[in-house]
Structures are given as structure tokens and as C-alpha cells.
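Asks: Once you've had a glance at the structure underneath, I'll fire off some questions.
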Amino acid sequence: MNRAGPTGLKGSIGAASTAGGFFKVLWLMLPRFARVSPMLLAAFIIVCIAHGVARAALVPATQEFLDRAAGYSAQTAALPDVIAGLLLLGLAHLCRQLLHGVHHVIMLMYWRRAEGALSLGVHDKMSRVSPIDFEDTRILDDMNKAMQGKDEAVWFTGSMVTILSFYVPYFLFMAVYLINIKPELIALLLLVFAPTLLAHVLRARIFSEAEDRAAPVRREFDYYELCLTGREYFKETRILGAFSYFKKLYAESLAFLNKLDFHASFRASAIELCVKLLSLLGYIGILLMLFDLLMKGDITVGAFAAIFTSIEMVFSLMRELIIDNLGASAKNLGRVQNYLRFMQMPELGRPEADVPVGGDIELRGVSFSYPGAGQNAVDDVTATIRRGETVAIVGENGSGKTSLVRLITGLYLPDKGEVFHGKTNTKTALASALFKNISAVFQKYQRYQMTLGENICISDADVAWGVAGDAMLDMICEQAGLDMGGSQFADRYDTMLSREFDGVELSGGQWQRVAIARSFFRTHQLIVLDEPTAAVDPIEETKIYNRFAQISKHKTAIIVTHRLGSVRLADRILVMKQGKLIEQGAHGDLLNMGGEYARLYKSQEQWYV
């Protein structure tokens, strides 16, 4: 399995904020942007082109009207010609205003749709990324950057489409117009464009570097904020006095991010100030050039007035193009690159083929380590779990029990060795086929802020709650030990399990039973209990495991625990220590061996006597 982090992915789109990188990002984003609504995008582009041409056409329309008005004053033009020129100018203004309104309405519609589509795309991508990548801080940084960059990706691409379909036609029209009047006037556009383009390249580099430094600190900042305000944290942070500590960390992270943003903005503002000074000099130069041409008779009074009055519009649109569009895009280019890097991240390296999964589970010399870890969490484990067998995996904390289960279920793939479900290797099985018949309850089970029925039925989306019916859910809850007879569930399976949504709050033990009911509801051939009872007393744990044993008959079952009082119900026990499988056998046989299992059992024996 590939574990390519951010460093390995940067080369795919180019990390540097150069012009080449700019257009490469645009090339990668355009197909994603266009897929949202091709017809609406086509309409937007057509309206933008018409808008740009209409705005530029105001200049020759103004010149034509003024020349006719001047001709009428000099008695070289008739009044109807002046009126026709005025009507033409009015029509040009009307078209520009109408197209301007349509342009912005379509833009807002499309941008909002694109934001929603890209958000769904990011979440869909996360569902296909290998679970082991969630253990890699570099990948987590990339995910954080992607979430920050998805909205900027929409506005970046939208701005580029607007530039190509509105600003480019406008300036091309103006360039042709000026060249036809006097070729030297093309300097009007060059004097404005050159310094602002240079500023754009420099701004892009500044903000891209700042974003790379900010991403890991921002992830810490978000976590500290959650520790301060999150509902699941507030009791402990208040009682233990940890609020001040997290507030200090939060303030330090905020100060760092503000400082980083200040320095980047200061450097970018200094560049912008220099550009404005150069633009001012260019503006003065253009006025002098126009005056000189008028005095020489190279341009008409109408052309002078039209161009003179349009200079402010040219400068305004150029600033809008460079600062509001190219400048903002340059500032956010790093975030857009981060979004693309994440979307190009390698996914689960499994073929898109539905391979039948089932039978005995066989581990052949399996080793596995977490990203950045110095030693294996699972080290050269070989074992077989027969179909229909109940197996307990035991050992001290940190012995590799949970890591082994994640390898068995196919959530993680081994670095060395192979895991087989029947004749199917987990490295070659389609993930959906592998997980299809597996159910599990983990120690950190989820407490969904939804109704009780949704909390249970969410484990099997193919079986709708309405199809399942209350009778089936009653049976599942009884098996899980969840008492539906009390006043706690007044609305039965419609009871909302969240005070934040005007519902009820359950105790830890009740939530535990809901999680177990959720796992029982799912159709499965293999079920895993990965220390879900760690928070309850040993007696209650024994009751849960006894019910589990009854329900799991004729199905493969795996129990993971560091408590040994209930593992006697297992057909076989696997004993883990420091990532290695050191013993396996039945409860009595392992006690007679006098090894690690016997030592662990005797140290806990007083809990069960």
C-alpha cells in the first residue's frame, strides 16, 4: 500500500506559485468546475463575453456621438445623425447594464452549486482514502488544507473563467480600438498591465509559502478550540481546571497564525503600494500622450474625450482584474494546490472487482507499523481463525490487539505478509466486498445525535428503519440488553438522543448498549467486539459477553479485551505481547502452560471469584 505523504504528492501539480503553476492548476480545476453544470457554465461564458464587448463598445459609441455632436456644431453633420449617435450610446449603456445583472446572477448560482459539489467530492474522497492514512499527521495536514481550499478552488476557477470570458474580450476590444485610432495608444494598456502582473506573481509566492506554514498550526488551533467549547470536553476541562491551559495554547496558536498572516499581508501590501505608484506614473503619461496627439491633430476631439473618460474605467477594470481576481487567486493558489494534492492522493490500492469474501481467516507472517513509528505494532503473526469460531485476542495495553483486528478486518493492510478471507487476499479484495459481512463495536463507539432508530439502523443502510419494523428492533435491543420499557424512550425509536436537538441524554452504559445493538442489526458473518466494555464493571462485562456468545453462534466472532474474566466463552484465545502472538489455545490449556496468559489471568482473578 502506498503511503505517499504531502512531499510525495507536491510534484504532481507543482508547488511553486509561478505562472506555469498557475495555469497548471487552472487546467486541473476546469474539468471539475465544468462538470457541475455544463449548460449553465456555457451560458455564463456567453453572457460574460457579451458583457465584456458591450462595456468596451461604450468607448467607440461615445466617440461617435461626440464626433457627430462636434460636427453638428461645426455645421458638418445633421441633427438626425447626432440623435442616432445618442440613441446608439444609450443602447450600449442599456445592454451593458442588462448583461452586468445577468452576469452576476448566473455567477452566484453557479458558484454556490460548485461549492456544494466540491464539498461532496472532498468527503467522497475521504471515504476512499486508506484508513491508515488517518494515522499520518502529514496526511491529516493535507486533509485540513483540502477542507480550507475547496471553497477557494471554486472562486479561483470561477475568477479564471471570468478573466478569460469577460476581461480578455474587453481588453482585446480596447486594444483593437486604440490601435485603429493610433498604434502608440496601445501603451495605455501595457503601462497598466505590466507592473500589476509582476505584483501578482510575487503575491502568489508569498501567500503560498504562508499557507504551507499555517496548515499544521491551524489544525492544532481547531483542536484547542474544540477542547474549549466542545460539549464532550467541557465537564473535564472545567472540573480539572484545564480550561486555562487550553486557552493558553489556543491563544499561542492564534497569535502565530495572526503573525504569519500579518507578515504575508504586509509584504503583499508593500508590493501593491509600489504597483499603485507605477500605475499613477503611467496614468499621467497616458494623459500627456493623449494631449500631444490631440494638439497634433492625430486624433479627433471625440476620440480624445472618449478615451480620456474611459481611462478611469480601464484602470478600474485592470485593478479589478489584478487585485480582486488575479491577486485574490494568487493569495489562495496555495490552498487550491492543497485541495488538488488531496484529491490526487492515492486511494486504497484494490482493484475495482467484487471478489467473493468468506471462509476461514488466515494470517501469514503479518507485520505492520504505523506511519513514523519506530517499531512494528504487529510483528510476524501467523494464525488461522476458522469460520464459525469465537476467538478472543488478549494482552496488555499496547500489545497490538487492536492493530491486529484492523488487519484482520482489512481496515489496514499489512506491510509484510498477507491476510486471507477464504481464498481472497485483503490486498486484492474490493473494500466494500470485504466489509459487507463484517460488523463491529469499538471501544470508542460513536454517539450519533440522531434518533434511537437511526442510531441502530445506520449500521446497515440497505435495511431501512421502516422496513425493519419495531418488532425487529425490539428483538435487537433485547439481545443488546437495552431496556425499552422505561420512560427514557418515551417516543420509542423516534426518541432523539441529543439534548442539543431537544432530545434526551443517555448514560454511558445505555450508549454502550445502543452501540452493541447497532452492530447486531447489521447483517454479518464476522463480528468484532474491540474492548467496547472497557468502561463498565467486570460483572456487567460478563453479562454482555454472554449475550454476545449466544447471538454469535454459527458466526465467526472476535473478542478483544485486556480483561480475561469473560474470555472462557471463546473457542480459542490468542495472546499478544509487544506485537507478537506468543500463545494460543483454550482457556484451560493456557492456564496449564503457566505462561503469559496464566500470569495475566491470575493478576485479575480476584475480579471474577
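The values are calculated or read from the model by the stated rules, or taken from the named source; none is laboratory data. Here the structure is a predicted model, which means the values were calculated and not measured. No Cβ is skipped: glycine too gets one built from the backbone with ideal geometry, and neighbour counts run over all protein chains shown. SASA here: full protein model, heavy atoms, side chains in, ligands and nucleic acids out. Shrake-Rupley method; radii C 1.70, N 1.55, O 1.52, S 1.80 Å.
Asks: Picking from PHE246, PHE262, PHE315, which residue would you name as being crowded, with 16+ Cβ neighbours inside 10 Å, at pLDDT 80 or above and of a type in the set (Phe, Trp, Tyr)?
Replies: Details: PHE262 fails: crowded, with 16+ Cβ neighbours inside 10 Å; PHE315 fails: at pLDDT 80 or above.
Criteria check complete, one pass: PHE246.
Asks: Please enumerate the residues belonging to the range 127-142 that are touching a helix residue (DSSP H, G or I) at 6+ places or on another chain (Cβ under 7 Å) and either farther than 16 Å from ARG406 by Cα or modelled with pLDDT of 75 or more (or both).
Replies: Within the range 127-142, ARG138, ILE139, LEU140, ASP141, ASP142 qualify.
Asks: Is it true that some residue in the range 440-461 is in a loop (DSSP other than H, G, I, E, B), at pLDDT below 80 and within 19 Å of LYS555 (Cβ to Cβ)?
Replies: Within the range 440-461 (the criterion being in a loop (DSSP other than H, G, I, E, B), at pLDDT below 80 and within 19 Å of LYS555 (Cβ to Cβ)), the answer is yes, since at least one residue qualifies.
Asks: Continuing with the same structure: Do we have ALA433 as out of contact with any Leu (no Cβ under 9 Å at 6 or more places or on another chain) and in a helix (DSSP H, G or I) here?
Replies: Working: out of contact with any Leu (no Cβ under 9 Å at 6 or more places or on another chain): yes; in a helix (DSSP H, G or I): yes.
Against the criterion (out of contact with any Leu (no Cβ under 9 Å at 6 or more places or on another chain) and in a helix (DSSP H, G or I)), ALA433 qualifies.
Asks: Sort out which residues of the range 68-120 are among the hydroxyl-bearing types (Ser, Thr, Tyr), at pLDDT below 90 and either closer than 16 Å to LEU40 by Cβ or assigned to a helix (DSSP H, G or I) (or both), and write them in order of number.
Replies: Initial filter on the range 68-120 (among the hydroxyl-bearing types (Ser, Thr, Tyr)): 72-73, 76, 110, 119.
Narrowing the set further to residues that are at pLDDT below 90 leaves 72-73, 76, 119.
If the condition is that a residue be among the hydroxyl-bearing types (Ser, Thr, Tyr), at pLDDT below 90 and either closer than 16 Å to LEU40 by Cβ or assigned to a helix (DSSP H, G or I) (or both), then TYR72, SER73, SER119 are the ones that fit.
Asks: Looking at ASN332, ASN325, which is the one that is in a helix (DSSP H, G or I), polar (S, T, N, Q), under 27 Å from GLU152 (Cβ atoms) and in contact with an Asp or Glu (Cβ under 6 Å, 6 or more places away or on another chain)? Give the derivation first.
Replies: Working: ASN325 fails: in contact with an Asp or Glu (Cβ under 6 Å, 6 or more places away or on another chain).
Sole residue among the options that is in a helix (DSSP H, G or I), polar (S, T, N, Q), under 27 Å from GLU152 (Cβ atoms) and in contact with an Asp or Glu (Cβ under 6 Å, 6 or more places away or on another chain): ASN332.
Asks: What are the residues in the range 356-397 that are open to solvent by less than 60 Å² (accessible area, probe 1.4 Å), under 24 Å from ASN546 (Cβ atoms) and charged (D, E, K, R), if any?
Replies: Hit for the range 356-397 is GLU389, nothing else.
Asks: Among the residues of the range 463-477, is any in contact (Cβ under 8 Å) with a residue 40 or more places away in the chain, assigned to a loop (DSSP other than H, G, I, E, B) and open to solvent by 30 Å² or more (accessible area, probe 1.4 Å)?
Replies: Yes, there is a match, as at least one residue in the range 463-477 is in contact (Cβ under 8 Å) with a residue 40 or more places away in the chain, assigned to a loop (DSSP other than H, G, I, E, B) and open to solvent by 30 Å² or more (accessible area, probe 1.4 Å).
Asks: Kindly list, by first and then second residue, each pair from a residue in the range 130-141 that is crowded, with 16+ Cβ neighbours inside 10 Å to a residue that is of a type in the set (S, T, N, Q), limited to pairs with Cβ atoms under 8 Å and residues at least 6 apart or on different chains.
Replies: ARG138/THR7
Asks: Between a first residue in the range 262-278 that is closer than 21 Å to ALA214 by Cβ and a second residue that is of a type outside the set (Lys, Arg) and at pLDDT below 85, which pairs have beta carbons less than 6 Å apart while being 6 or more apart in sequence or on different chains?
Replies: ALA264/ILE206; ALA264/PHE207; ALA264/ALA210; ARG267/ILE206; ALA268/ILE206; ILE271/ALA199; ILE271/LEU202
Asks: Moving to a separate point now. Being at pLDDT 80 or above and part of a loop (DSSP other than H, G, I, E, B) narrows it down to one of VAL504, VAL536, so name that one. Quick ask: steps written out before the conclusion?
Replies: Details: VAL536 fails: at pLDDT 80 or above.
None of the others qualify; the one that does is VAL504.
Asks: Is it true that ALA57 is modelled with pLDDT of 85 or more and more than 30 Å from SER208 (Cα to Cα)?
Replies: Values: modelled with pLDDT of 85 or more: yes; more than 30 Å from SER208 (Cα to Cα): yes.
Yes, satisfied.
Asks: Applying the selection to the range 222-233, what residues are surrounded by fewer than 19 Cβ atoms within 10 Å (Cβ to Cβ), assigned to a helix (DSSP H, G or I) and without any contact (Cβ under 8 Å) to a residue 60 or more places away in the chain? Before the answer, list the steps.
Replies: Going residue by residue through the range 222-233, those that are surrounded by fewer than 19 Cβ atoms within 10 Å (Cβ to Cβ) are 222-223, 225-226, 228-233.
Next cut, assigned to a helix (DSSP H, G or I) only: 222-223, 225-226, 228-229.
Across the range 222-233, the qualifying residues are TYR223, GLU225, LEU226, LEU228, THR229.
Asks: Restricting attention to the range 402-421, and to residues there that are more than 27 Å from the chain's Cα centre (by Cα) and within 18 Å of GLY359 (Cα to Cα), which single residue is most open to solvent (accessible area, probe 1.4 Å)?
Replies: GLU418
Asks: Kindly establish whether TYR493 is in contact (Cβ under 8 Å) with a residue 24 or more places away in the chain and under 26 Å from the mean Cα position of the chain (by Cα).
Replies: Working: in contact (Cβ under 8 Å) with a residue 24 or more places away in the chain: yes; under 26 Å from the mean Cα position of the chain (by Cα): no.
No; evaluated as a whole, the condition is false for this residue.
Asks: Which of the residues spanning the range 513-529 are within 18 Å of ILE458 (Cβ to Cβ), in contact with a Ser or Thr (Cβ under 7 Å, 6 or more places away or on another chain) and at pLDDT 80 or above?
Replies: ARG518, SER519, PHE521, ARG522, ILE527, VAL528
Asks: Could you run through the range 478-501 and say how many residues are assigned to a helix (DSSP H, G or I) and of a type in the set (Ser, Thr, Tyr)? Show your work before the answer.
Replies: Kept after step one, since they are assigned to a helix (DSSP H, G or I), are these residues of the range 478-501: 478-480, 487-489, 492-494, 499-501.
Subsequent filtering for residues that are of a type in the set (Ser, Thr, Tyr) retains 487, 493.
Residues in the range 478-501 being assigned to a helix (DSSP H, G or I) and of a type in the set (Ser, Thr, Tyr): 2 in total.
Asks: Could you list, in sequence order, the residues of the range 61-83 that are β-branched (Val, Ile, Thr) and either open to solvent by 60 Å² or more (accessible area, probe 1.4 Å) or touching a Pro at 6+ places or on another chain (Cβ under 6 Å) (or both)? First the steps, then the outcome.
Replies: Restricting attention to the range 61-83, the residues satisfying the condition of being β-branched (Val, Ile, Thr) are 62, 76, 82-83.
Selection gives THR76, ILE83.
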